[in-house]
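J.: Let me begin by handing over the structure; questions about it come next.
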Amino acid sequence: MKDHSQDAALPRFTKLEAFNPHRPDFACKHEADVNPPISAEAEAIFQQALMLDNHDLWPAQRDYPKIATLYEHAMKLGHWKAQFNLAGLYLKGIGVPQDTEKAIVLTEELMRKGVPAAWDNMGAYYMGGVGPLEQDATVAYAFWQKAADMGSMAAQTYIGAKLLAASDQPPEAWANRNVGLKMLECAYAQGDGRAGYELGLDYAILGQTDKTKKVPALRYFHEAAKLGSERAANFLGVDFHSGPSTAASVAAEVDKSRSERYMVLGDALFRNSDLRFPNLDKVLPLPPAKLPMWNGDKETLINAAKAVVPKPATSTKPVAPSAPVRTGRAYIPDGWGLPDKPQTPVPAQYETTSAPLDGYWIARLMRPVTERHHAWNVAQVPLRYEKGELFDRSRPGLRDDDGRIQFHYLGQPVEQAVPIVMTEHPLVVRGIVRYGDLASLPRECNGHFPCPQTGIWSASVPPNHPSSSIFNQWHQQAYVTRGLSFPDPEAHHLAIGSHEVTWYWLGQANEMRGDVEYVSLGGSQIAADQS
């Protein structure tokens, strides 16, 4: 055993309570309530990195060095998710040199900031014996338990599933169903599709002896598919294809049309795990509702189930003004620029001296008086000098009586992140949502009233609501049929009453052709009123 007494203050060596699989209770916490806030500037840079990590490209085609640079830039602006992802790149050596110690240090910084996901990650490091950490399952579970108590949905899902066994089977499973369900329900409330899948699987097993459990099992699988669970979509794809052929089946009958659609969505989630299908009921409502007609085009089905966002006012991207081409001492490589402040403060140097540091320097008249003097100062550009190199004494454009000049240190160039011009929605660029022709006339409805119009609805609670941080998300949409109830947040184990939710109609109903409903990406108000 290594002596870590000198490093005891490091978060990786935090003394934690031992994992207790038979704990008597669990108090649900949500990580969105404790994670550090993220500025708009940092989020824009983070989204640019995610757009470069395009799932339509093979990994070898993705510009991971650029992605790493953008993550680092966003991290310096306080973006904890960017730092989390950057740690992953250092762990695997993707886009940056592999450096497990760097990955651990970045994770520890997030642990100090109270990020639950970082504590969960440290558990994974111990389970895998990453870098200098000795592989230790006991320590790993202690970190996962801590992370779950802090609000990590990943840790809640992992431990929660382990506690649903009928009997103790360490180190893989334990019998503590009460706490296991509470953990899974907490993670599910946070939007974790994996937790929804585990809940569905548990109810499906119970359904072997209690048929009433099959209905909630089906609902959990369906909702988990909305939240991005590939396993849930594939489970229902197989289940509806075979029907009630096994005791754990939740399908009441063979329905190969439903099976095909779930399998299409499962394949899409296999290719892009970031997808979410909040409007799944637009293309694939649960029985006994009839399926809308579908032309068989997979992309139409996938896109119709995605969340929708307003189309941008214009799709024309502004053209940035061309920067002057600079050569010689004035040359700065593309993608690089000088910092706002030099990395090292250096006093101004007279033109008769030499540069005390490598880097870029700019000439300035010490006492500009005339308009010509000020114009000369403005016309100067940064020039690169090596340490010990004499400054340029030729004074181009100046007379001998114009006074002395000094060279001011500007520092070494740093790589610049290209700012995002939000002409295209980043989630659309990533293929996670789609643009839609949203309703021009606003319509809203309180959640405890029946739906007044078929179509896509977006939900939110007031910003001062205790659960607003977890509920008010981009994917909080649903396709609801006229006359039926809006989704109940309490069914997702959220402490939000239906009467506290306001639903906003976004249009986007399927087309009606006579009495037949067809899957569409558009639709009209007339079509919606006919449904």
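The values are calculated or read from the model by the stated rules, or taken from the named source; none is laboratory data. Values in this document were obtained by computation on a predicted structure and should not be read as measured data. Positions of Cβ are backbone-derived with ideal geometry, glycine not excepted, and every protein chain shown enters the neighbour counts.
J.: Search segment 434-457 for residues that are within 19 Å of Asp281 (Cα to Cα) and pair each with any residue that is of a type in the set (Ser, Thr, Tyr) and assigned to a loop (DSSP other than H, G, I, E, B) when their beta-carbon atoms are under 6 Å apart and the residues are at least 6 apart or on different chains.
T.: Going by the 6 Å Cβ cut-off, the qualifying pairs are Thr454/Thr481; Thr454/Ser531.
J.: Of the residues in segment 86-104, how many are under 18 Å from Gly128 (Cβ atoms) and assigned to a helix (DSSP H, G or I)?
T.: The total comes to 11.
J.: Of everything in segment 46-74, what is touching a residue at least 24 places away in the same chain (Cβ under 8 Å), part of a loop (DSSP other than H, G, I, E, B) and within 15 Å of the chain's Cα centre (by Cα)? Give them in sequence order.
T.: Those that are touching a residue at least 24 places away in the same chain (Cβ under 8 Å), part of a loop (DSSP other than H, G, I, E, B) and within 15 Å of the chain's Cα centre (by Cα): Asn54, His55.
J.: Of all residues in segment 113-129, count the ones that are within 21 Å of the chain's Cα centre (by Cα) and surrounded by fewer than 23 Cβ atoms within 10 Å (Cβ to Cβ).
T.: 4
J.: Return yes or no: is Gly397 touching a helix residue (DSSP H, G or I) at 6+ places or on another chain (Cβ under 8 Å), at pLDDT below 90 and farther than 28 Å from Glu43 by Cβ?
T.: Spelling it out, Gly397 is indeed touching a helix residue (DSSP H, G or I) at 6+ places or on another chain (Cβ under 8 Å), at pLDDT below 90 and farther than 28 Å from Glu43 by Cβ.
J.: Within segment 376-403, count every residue that is of a type in the set (A, V, I, L, M) and either outside the structural domain of Pro347 (by TED's automatic domain parsing) or assigned to a loop (DSSP other than H, G, I, E, B) (or both).
T.: 2
J.: I'm told Leu357 meets every condition in (1) more than 26 Å from His73 (Cα to Cα); (2) touching a residue at least 40 places away in the same chain (Cβ under 8 Å) except one. Can you identify the failing condition by its number?
T.: Result: Leu357 passes all but (1).
J.: Continuing with this model, one more query. Out of the residues in segment 7-45 that are outside any loop (DSSP other than H, G, I, E, B) and under 18 Å from Ala142 (Cβ atoms), which is farthest from the chain's Cα centre (by Cα)? Even if it seems obvious, please write down each step before you answer.
T.: Initial filter on segment 7-45 (outside any loop (DSSP other than H, G, I, E, B)): 7, 11-13, 31-33, 40-45.
Now narrow it down to the ones that are under 18 Å from Ala142 (Cβ atoms): 7, 11-13.
Working: Asp7: 33, Pro11: 25, Arg12: 25, Phe13: 29 Å.
Among residues in segment 7-45 that are outside any loop (DSSP other than H, G, I, E, B) and under 18 Å from Ala142 (Cβ atoms), the one farthest from the chain's Cα centre (by Cα) is Asp7.
J.: Of the residues Gly78, Gly131, which is in contact (Cβ under 8 Å) with a residue 40 or more places away in the chain, farther than 27 Å from Gly160 by Cα, in contact with a helix residue (DSSP H, G or I) (Cβ under 7 Å, 6 or more places away or on another chain) and not in a helix (DSSP H, G or I)?
T.: Selected residue: Gly78, the only one of Gly78, Gly131 that is in contact (Cβ under 8 Å) with a residue 40 or more places away in the chain, farther than 27 Å from Gly160 by Cα, in contact with a helix residue (DSSP H, G or I) (Cβ under 7 Å, 6 or more places away or on another chain) and not in a helix (DSSP H, G or I).
J.: Taking the criterion of being at pLDDT 95 or above, in contact with a helix residue (DSSP H, G or I) (Cβ under 6 Å, 6 or more places away or on another chain) and either under 23 Å from Ala82 (Cβ atoms) or not acidic (Asp, Glu) (or both), would at least one residue in segment 207-216 satisfy it?
T.: Yes, segment 207-216 contains at least one residue that is at pLDDT 95 or above, in contact with a helix residue (DSSP H, G or I) (Cβ under 6 Å, 6 or more places away or on another chain) and either under 23 Å from Ala82 (Cβ atoms) or not acidic (Asp, Glu) (or both).
J.: Looking at segment 275-290 only, could you name the residues that are within 20 Å of Gly191 (Cβ to Cβ) and either of a type in the set (Gly, Ala, Ser) or out of contact with any Gly (no Cβ under 7 Å at 6 or more places or on another chain) (or both)?
T.: Start the filter on segment 275-290 by keeping residues that are within 20 Å of Gly191 (Cβ to Cβ), which leaves 275-282, 284, 286.
Of everything in segment 275-290, those that are within 20 Å of Gly191 (Cβ to Cβ) and either of a type in the set (Gly, Ala, Ser) or out of contact with any Gly (no Cβ under 7 Å at 6 or more places or on another chain) (or both) turn out to be Phe277, Pro278, Asn279, Leu280, Asp281, Lys282, Leu284, Leu286.
J.: Next question. Of everything in segment 158-197 that's closer than 15 Å to Phe19 by Cβ and of a type in the set (Asp, Glu), which residue is surrounded by the most Cβ atoms within 10 Å (Cβ to Cβ)?
T.: Of everything passing the filter in segment 158-197, Asp168 is surrounded by the most Cβ atoms within 10 Å (Cβ to Cβ).
J.: Could you list, in sequence order, all residues of segment 491-531 that are at pLDDT below 95 and among the charged types (D, E, K, R)?
T.: Selection gives Glu511, Arg513, Asp515, Glu517, Asp529.
J.: Being surrounded by fewer than 19 Cβ atoms within 10 Å (Cβ to Cβ) and under 17 Å from the mean Cα position of the chain (by Cα) is the requirement here; does Gly88 meet it?
T.: Answer is yes for this residue.
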